[in-house]
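The values are calculated or read from the model by the stated rules, or taken from the named source; none is laboratory data. If you're wondering where the values come from, they're calculated on a predicted model, not measured in any experiment. All Cβ positions, even for glycine, are placed from backbone atoms using ideal geometry, and neighbour counts span all protein chains on display. Just so you know, the surface numbers come from the protein's heavy atoms only, side chains and all, with ligands and any DNA or RNA stripped out. Shrake-Rupley method; radii C 1.70, N 1.55, O 1.52, S 1.80 Å.
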Amino acid sequence: MDDPGGLFLFATIRPKPEHFEEARAALDALIIDTLDEPGCHLFAAFESVSETGVLHLFEHFAE
């Protein structure tokens, strides 16, 4: 298997329920600009299917 190298980031975000939609919108707003950064191969934010009110963020960065 080839080593993809670089930095992999996975974050779990648990905003307070009253701030969930705001947190989700803030992450969504980051996606396009972050993908345009040199070295950014993947940047995704998604809602957990197993935990209500939990967001996940995944990024792969390599030069």
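Numbers for the structure displayed
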| item | result |
| --- | --- |
| Cβ-defined net charge surrounding Gly53, 9 Å radius [Lys, Arg +1; Asp, Glu -1] | 0 |
| Accessible surface of the chain [probe 1.4 Å, protein heavy atoms]: carbon and sulfur percent | 59 |
| Structure-derived mean projected area of the Cα convex hull in nm²: which label, when the choices are (1) 5.0; (2) 5.3; (3) 4.4 | (1) |
| Degrees separating the helix 20-35 axis from the principal Cα axis of the chain, which is the longest one | 20 |
